[in-house]
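Each reported figure results from applying straightforward, stated rules to the coordinates on display, with no laboratory input. Just so it is clear, the model here is predicted, and its values are computed rather than measured. For neighbour counting, all protein chains shown are included, and Cβ atoms are generated from backbone atoms with ideal geometry for every residue, glycine included.
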Amino acid sequence: MNITSLTFALFCLTVFFVRIIIGRYTTIYIYALIIFSVSFYAWDVPAYVLILLISIVVHYYSGIALTHFTHIWLRKAILTLSICFSIGLLCYYKYLLFLIDNINRIFNSQIPITSHLLPIGISFYTFHLISYSTDIYRRSYNKQKNFTYFLLYNVFFPHMVAGPIVRADEFMNQISTNSSLHSIKLSTTLEGLYLIIRGLFFKLVVANHLSVFVNDNWQAASGSKGSLFMSISVLFFFSGQIYSDFAGYSDIARGLAYVLGFYFPVNFKAPYIAATFSEFWRRWHITLSKWIRDYLYISIGGSRKGYHRTYINLLIVMLLCGLWHGASFTFVAWGGLHGALLCLERLFGMKYKSKRYKLFWYIFVQCCILLSWAFFRSRNISEAFGIIINLINVDRSFTSSNLLVGFLFLLPIIGIHVHTYLMDNFVISPSITKKSVYAIAMCYAILTFYGTNNEFIYFRF
């Protein structure tokens with residue numbers, strides 16, 4: 001079910017109508033949310049619901065076992081088995097074809113390849129399940145043993161397809177302590193509707209129109225006729241497209257959660273104003289960055305075992321972060337590049353934060369991030385290098401009828417980044433009146449400049 005479709009809008013209205021009727025009966029409302037969420041997940045490929053439910057049951061009972069057993073080796077074995085189960089499913093559906101294809105190329109073998117659809121949201125609900133079991137193992141979360149709550153946590157439809165990645169304690173504690181489940185608050189509902197409108201605007205208007213220019217010119221920009229201006233244009237437009245696409249979905253998910261009585265954490269916070277690489281990852285896909293830090297980086301040693309081990313750990317986690325985004329060497333290269341840049345930043349220490357180097361380092365950081373998108377978007381490594389190499393071709397002209405239009409659709413992205421910068425540094429918060437004006441303007445733009453490309457980039461991950 002496409003979340004920008006009329007079908008999904010009617011689906012959400014039905015869920016909200018149900019909340020109005022039975023929302024004060026928390027238990028019944030939770031069961032209703034589970035039924036609606038499972039129905040949403042089963043809409044395209046019903047068989048994949050079984051994979052999701054089996055994974056939930058495995059981690060639920062592993063969590064119970066982790067709370068009852070005290071022997072360290074037994075607890076480690078239970079945690080390892082539950083994680084291996086989920087990682088095994090993820091690898092089978094997401095990476096098996098990639099692995100077999102490369103084995104056939106390297107060894108000139110003929111291992112048969114059977115294609116299969118990737119279960120929607122498997123990358124995200126796998127992280128939910130792993131974090132739950134790990135938190136119980138670490139004894140940082142062991143209060144909630146209600147299977148119904150745990151089931152809703154994993155199948156709740158606003159975030160199960162493409163995040164944000166929500167921790168068990170962040171979500172399940174809201175069921176028993178959050179009064180917004182029992183009564184609908186006007187202010188919370190209006191804030192949720194505003195986030196939904198903003199998300200639809202950035203997806204349907206900004207991202208969809210930028211994608212037209214990117215799709216039309218990316219291959220040419222990486223080829224023999226590419227030029228400096230063409231490469232810079234497609235990289236700028238794609239950086240705006242992927243931000244608008246994923247931040248737009250995150251806003252929609254957060255807005256739906258607000259409307260249905262839950263709170264989701266902020267997932268994007270103006271990443272292109274980041275002055276350092278580490279700050280970029282504190283602003284870009286924030287919930288993923290925190291997950292990688294807490295459950296992967298710290299688990300393999302973090303920065304506790306000296307500088308050399310820290311650099312190795314950073315490279316490992318960023319390479320895995322890249323691979324998580326997709327089964328392709330381009331994603332591995334993208335993650336490895338970010339890992340190398342984070343190591344470089346640590347190597348320089350705090351020098352880049354001085355006034356003398358701050359502006360230079362900001363420009364360097366954002367230029368590197370811009371270039372890294374070449375690997376993220378390209379179909380193969382040679383195409384990505386084609387984009388980058390053509391940056392030195394300054395003698396070729398480039399004209400496109402969509403160029404000026406593309407720059408116009410970058411203005412909302414610039415605007416939200418400037419607004420966030422002002423809020424961070426001058427504590428400026430928009431009033432209800434301003435938000436209302438913004439919402440009306442965005443609704444008009446959605447109805448007037450509706451784009452046709454409704455696929456979300458992160459739905460493929």
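So, with +1 on the Cβ of K and R and -1 on the Cβ of D and E, and no other charges, what is the size of the charge dipole of the chain about its Cα centre, to the nearest 20 debye?
1320 debye
Among residues other than LEU129 with Cβ under 14 Å from its Cβ, the summed charge is 0 (Lys and Arg +1, Asp and Glu -1). Close amide-amide hydrogen proximity is noted between PHE268 and ILE286, each under 5 Å apart and 5 or more residues distant or on a separate chain (H modeled in the peptide plane; Pro and chain starts excluded). Computed extension length for PHE98-THR448: 121.9 nm, one decimal, from 0.36 nm per residue of separation with the Cα-Cα distance subtracted. Rounded to whole Hz and in sequence order, give me ³J(HN,Hα) for the range 298-313 from the Karplus expression 6.51 cos²θ - 1.76 cosθ + 1.60, θ = phi - 60°, writing x for Gly and Pro. Karplus values, whole Hz, x for Gly and Pro: 5, 5, 9, x, x, 10, 8, 10, x, 5, 4, 5, 4, 5, 4, 4.
Tell me what the chain gives for mean residue ellipticity at 222 nm when only DSSP H runs of n ≥ 4 count, each as -39,500 (n - 2.57), the sum divided by the residue total, rounded to 500 deg cm²/dmol.
Using -39500 (n - 2.57) per qualifying helix, the result is -23000 deg cm²/dmol.
Think of the range 51-167 as having a plus end and a minus end, set by charges on the Cβ of Lys, Arg, Asp and Glu; of ALA77, ILE56, THR126, ALA77 sits farthest toward the positive end of this dipole.
For PRO271, what charge total do you get from the other residues with a beta carbon under 14 Å from its beta carbon, if Lys and Arg give +1 and Asp and Glu give -1? Neighbourhood net charge equals 0. Taking packing as the residue-averaged number of other Cβ atoms within 10 angstrom, the listed peptides 361-367, 236-242, 209-215 run from highest to lowest as 236-242, 209-215, 361-367. Placing unit charges on each Cβ (+1 for Lys and Arg, -1 for Asp and Glu) gives the chain a dipole about its Cα centre, and among LEU408, TYR295, PRO164 the Cα reaching farthest toward its positive end belongs to TYR295. 3J(HN,Hα) along the range 16-25, derived from phi through the Karplus expression 6.51 cos²θ - 1.76 cosθ + 1.60 where θ = phi - 60°, amounts to 5, 4, 4, 5, 4, 6, 10, x, 6, 9 Hz, with x in place of Gly and Pro. Taken one residue at a time, the phi angles of the range 420-425 give Karplus couplings (6.51, -1.76, 1.60, θ = phi - 60°) of 5, 4, 5, 5, 5, 9 Hz. Gly and Pro are set to x. Among all lysine pairs in the range 187-460 that are eight or more places apart or on different chains, how many have alpha carbons less than 26 angstrom apart? Close lysine pairs under the 26 Å cut-off: 17. What shape does the range 187-460 take by its C-alpha gyration tensor, where a ≥ b ≥ c are the square roots of the eigenvalues and a/c under 1.5 counts as rounded, a/b above b/c as prolate, and the rest as oblate? It comes out oblate by the Cα gyration axes.
The slack between ILE54 and HIS116, meaning 0.36 nm per residue of separation minus the straight C-alpha distance, is 20.4 nm.
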